[in-house]
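**Student:** Here it is, the structure, as structure tokens.
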Amino acid sequence: MSLDRLYALRAELHEHNRRYYIEDQPSISDQAFDSLLRELQELEAQFPDAFDPNSPSQRVGGTVVKSFEAVAHKRPMLSLSNSYSAEELGEFVERAEASAGEAVTWSAELKYDGVAISLWYQNRQLVRALTRGDGEKGDDVSVNIRTISSLPLTLPPDAPEELEVRGEVVYTFEKFEALNARRAAAGQDTFANPRNAASGTLKMQDSAEVARRGLSACMYAVFSEDRQFSSHREALDAITAWGFPTPSREQRWVQSCSDVTEIQAFLQHWDSERQHLPFAIDGAVVKIESTAVQQRLGSTAKSPRWAMAYKFNAEKALTPLHDVIYQVGRTGAITPVAVLEPVWLSGTVVKRASIHNADQIAKLDLHLGDFVSVEKGGEIIPKITEVDLSKRPADAPVVTFLTHCPDCGTALQRREGEAQHFCPNAYGCAPQVKGRIEHFVHRKAMDVEGIGSETVDQLVDLGLVHRPADLYDLTWDQWARLDKFKDKSIQNALEGLARSKDIPFERVLFALGVRHVGETVAKKLAKHYAHIDALVSASQASLENVGDIGPMIAQSVLEYFADLANLHELDRLKAHGLHMKFQAAEGASDILGGQTFVISGVFTHFTRDGIKTAVEQNGGRIASSVSSKTHYLLAGEGVGPSKRAKAEQLGVKWLTEEEFRTWIGSTD
Ligand code: IVH
């Protein structure tokens, strides 16, 4: 009886989901929905044997995936040839029609800037969701895909038994900005663009977090052995009816076109209108509608001959420059920032743009009141690329770079050969003091949980902390003076600090925030000198002898340790019990010393990160792309085609996983 209810509830909740997310016409309240869902969850707890990975209860996630299994695609996931101008696209259309031997109807659609995904249904149940991977094999991200509420987990009875649907997982600008705002508030790195965020989210191990983030999807390709479609349009209509999110015809996200003129009108429309879309696109795609013609034209190894992508130019907007303000970074670097009349660009309102340094201001010959052209590259923060001189007001004052720190008033300096000005008042200038402490507690440095940027602001503003070592002296009563700090948060901060004492020496070194000493350099120094005392007394010549460390880094390290205040700080950190000695990781060696590896493919005994660690722990270096400096292509299953070709071209040696394991002596 209750089992019947369980199945009925699943069907009902699937239907409510569809009405809410696809038809945008919910027929019950959110509360009523939640109460049905709770009832279902209770029944599922009572009947564990009735577990179903596609139950509506799985939408909230909860499974933690250790690593994503690589699975072969049923059909390779091809890519599209690109064109960069309307003329080029026009030529393609003419050529394709010539080889088709007839005039054809085209589907013009948006090119979603997200992550390609393939969904595979068997018996009308979602069985697998794969990322594109290298086109042959992708990662099984089913658990995370199930949390995307607009994607159906089960299909209606008129859908074919076997079905593959492909499309794109995207973030809406709204969800993307909310995610970045949450991350910034928690002191985490923000994502550069919605595509990176979507890709990062799909690869998360905790599906409950994926569910909270609220990804979206749009599906644009269909394959089925059981059901033939005569056209792309018919296929899209069919999957729309089966409950998939598909491009909207009313809003012209997809449009049938009978000739080049109509296609070009579509491109023009979206080139200017794309800023009003709720998600990012990076161009348009044209496809031949007829399945028969598609089959006749076929595909090359890489892409179909019946489709072509068109990439939009980077979006630009012209807007007046109101002011230039200056930000002081953690290391005292001064960055000028343009304050603009707010303007729409790629779906977001832009109010600020970065101008890198004084030279850039001079090069652009910036005047206040100038109309400047802003562009978004891969970064979130747009940059100024041009000034429209014809619009310069007669009395526009030229922008001159600051001479003194906007925060503490100290005279700025500029080192020879460096583009950036900086404020030398490292320990008396609030943004630098805060920045240095934020860096110290950061996840990649001392990883102190319970202390975010707002907490650091308060600690510094209240005069409780000037330098990182002060954190370890704070008493319970001092913590209690902070706004919103009650027993629980005080305890978290204290425990976080206590735990940070286990952080290895190389990260302590990175956490100090010595100019130019990033994670990699810190690791090298820690390994080379083994003990802080040896590093403190190292000479310029000795430092320059450490691989990859040049005069600039050496100079900066010397300056840091020449400062008595820094030495005092080190002594205090030492007294608090932070690690000051390098401890080789278990199983570490220098067997691979001097060798550079590029990793590609999937491995049996290692995860992707695992094999990287194994290379580094044995003294090897990792590079991301094959070049003449690469010694080995460490190749797993399914090496990427471009890496393979490059390695062959340059004669780079292949190293199999087994050979690698034998080399490092890990053959258990
Ligand atoms: S059709 C056979 N349609 O662009 C090619 N792709 O460069 C099937 N993309 O990996 C792709 N929007 O991730 C198609 N409306 C659209 C698309 C689209 C975005 C992506 C897709 C693909 C890449 C090809």
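**Student:** Can you tell which of Glu262, Glu289 is charged (D, E, K, R), under 21 Å from Gly101 (Cα atoms) and crowded, with 16+ Cβ neighbours inside 10 Å?
**Tutor:** Step by step, each of Glu262, Glu289 is checked, and only Glu289 is charged (D, E, K, R), under 21 Å from Gly101 (Cα atoms) and crowded, with 16+ Cβ neighbours inside 10 Å.
**Student:** Here is a follow-up. Got a sec? Which strands (runs of 3 or more DSSP E) wholly within the stretch 75-193 have at least 2 residues that are acidic (Asp, Glu)?
**Tutor:** Ranges flagged: 162-170.
**Student:** In this structure, does Leu9 turn out to be closer than 30 Å to Lys137 by Cα and modelled with pLDDT of 90 or more?
**Tutor:** So Leu9 fails the test.
**Student:** Another one. Which members of the stretch 219-254 meet the condition of being among the hydrophobic types (A, V, I, L, M, F, W, C), touching a strand residue (DSSP E or B) at 6+ places or on another chain (Cβ under 6 Å) and assigned to a loop (DSSP other than H, G, I, E, B)?
**Tutor:** Within the stretch 219-254, Phe244, Trp253 qualify.
**Student:** For the structure I just gave you, tell me whether Ala301 is within 30 Å of Glu102 (Cα to Cα), under 31 Å from the mean Cα position of the chain (by Cα) and surrounded by fewer than 18 Cβ atoms within 10 Å (Cβ to Cβ).
**Tutor:** Yes, satisfied.
**Student:** Filter the stretch 578-607 down to residues that are in contact (Cβ under 8 Å) with a residue 60 or more places away in the chain and outside any loop (DSSP other than H, G, I, E, B) and give me whichever is nearest to Gly135 (Cα to Cα).
**Tutor:** It comes out as Val602.
**Student:** Count, please, the residues in the stretch 466-493 that happen to be among the aromatic types (Phe, Trp, Tyr) and under 33 Å from the mean Cα position of the chain (by Cα).
**Tutor:** The number of residues fulfilling the criteria is 1.
**Student:** Moving on to the next point. Answer with yes or no whether Leu119 is surrounded by fewer than 18 Cβ atoms within 10 Å (Cβ to Cβ), within 16 Å of the ligand (Cβ to nearest atom) and touching a residue at least 24 places away in the same chain (Cβ under 8 Å).
**Tutor:** No: the conditions fail for Leu119.
**Student:** Also, I was wondering about something else. Count, please, the residues in the stretch 338-367 that happen to be touching a His at 6+ places or on another chain (Cβ under 9 Å), part of a strand (DSSP E or B) and within 30 Å of Ala511 (Cβ to Cβ).
**Tutor:** Here the count works out to 0.
**Student:** Moving to a separate point now. Consider the stretch 63-110. How many of its residues are surrounded by 14 or more Cβ atoms within 10 Å (Cβ to Cβ), among the aromatic types (Phe, Trp, Tyr), under 15 Å from Ala307 (Cα atoms) and more than 13 Å from the ligand (Cβ to nearest atom)?
**Tutor:** Count: 1.
**Student:** Then there is this: Can Glu44 be described as out of contact with any Pro (no Cβ under 8 Å at 6 or more places or on another chain), away from the ligand (no atom under 16 Å from the Cβ) and over 21 Å from Thr201 (Cβ atoms)?
**Tutor:** yes
**Student:** Among the residues of the stretch 6-34, which ones are more than 20 Å from Gln125 (Cα to Cα), over 34 Å from the mean Cα position of the chain (by Cα) and either touching a residue at least 60 places away in the same chain (Cβ under 8 Å) or surrounded by 12 or more Cβ atoms within 10 Å (Cβ to Cβ) (or both)?
**Tutor:** Within the stretch 6-34, Ile28, Ala32 qualify.
**Student:** Count, please, the residues in the stretch 54-75 that happen to be farther than 19 Å from Tyr121 by Cβ and either among the β-branched types (Val, Ile, Thr) or touching a residue at least 60 places away in the same chain (Cβ under 8 Å) (or both).
**Tutor:** Of the residues in the stretch 54-75, 10 are farther than 19 Å from Tyr121 by Cβ and either among the β-branched types (Val, Ile, Thr) or touching a residue at least 60 places away in the same chain (Cβ under 8 Å) (or both).
**Student:** Let me ask something additional. Output the number of residues of the stretch 91-101 satisfying the condition of being touching a residue at least 24 places away in the same chain (Cβ under 8 Å) and in contact with a strand residue (DSSP E or B) (Cβ under 9 Å, 6 or more places away or on another chain).
**Tutor:** Number satisfying all stated conditions: 4.
**Student:** I would also like to ask the following. Yes or no: Asp113 surrounded by fewer than 22 Cβ atoms within 10 Å (Cβ to Cβ) and within 13 Å of the ligand (Cβ to nearest atom)?
**Tutor:** Yes: the conditions hold for Asp113.
**Student:** I'd like to check something: does the stretch 142-157 contain any residue that is farther than 21 Å from Tyr20 by Cα, more than 16 Å from the ligand (Cβ to nearest atom) and surrounded by fewer than 20 Cβ atoms within 10 Å (Cβ to Cβ)?
**Tutor:** No - not one qualifying residue is present in the stretch 142-157.
**Student:** Then there's this: Is one or more of the residues making up the stretch 270-277 in contact (Cβ under 8 Å) with a residue 60 or more places away in the chain, more than 11 Å from the ligand (Cβ to nearest atom), in contact with a Pro (Cβ under 8 Å, 6 or more places away or on another chain) and not in a loop (DSSP other than H, G, I, E, B)?
**Tutor:** No, every residue in the stretch 270-277 fails to be in contact (Cβ under 8 Å) with a residue 60 or more places away in the chain, more than 11 Å from the ligand (Cβ to nearest atom), in contact with a Pro (Cβ under 8 Å, 6 or more places away or on another chain) and not in a loop (DSSP other than H, G, I, E, B).
**Student:** Of the residues in the stretch 194-218, how many are of a type outside the set (Ser, Thr, Tyr), touching a helix residue (DSSP H, G or I) at 6+ places or on another chain (Cβ under 6 Å) and not in a loop (DSSP other than H, G, I, E, B)?
**Tutor:** Result for the stretch 194-218: 6.
**Student:** Moving on. In the stretch 282-337, how many are in a strand (DSSP E or B), of a type in the set (A, V, I, L, M, F, W, C) and within 16 Å of the ligand (Cβ to nearest atom)?
**Tutor:** So the count comes out to 7.
**Student:** Out of the residues in the stretch 349-388 that are basic (Lys, Arg) and within 22 Å of Leu402 (Cα to Cα), state the one that is surrounded by the fewest Cβ atoms within 10 Å (Cβ to Cβ).
**Tutor:** Of everything passing the filter in the stretch 349-388, Lys363 is surrounded by the fewest Cβ atoms within 10 Å (Cβ to Cβ).
The values are calculated or read from the model by the stated rules, or taken from the named source; none is laboratory data. Predicted model only: the values in this text are computed from it and were never measured. Counting neighbours? That spans all protein chains shown, and the Cβs are built from the backbone with ideal geometry, glycine included.
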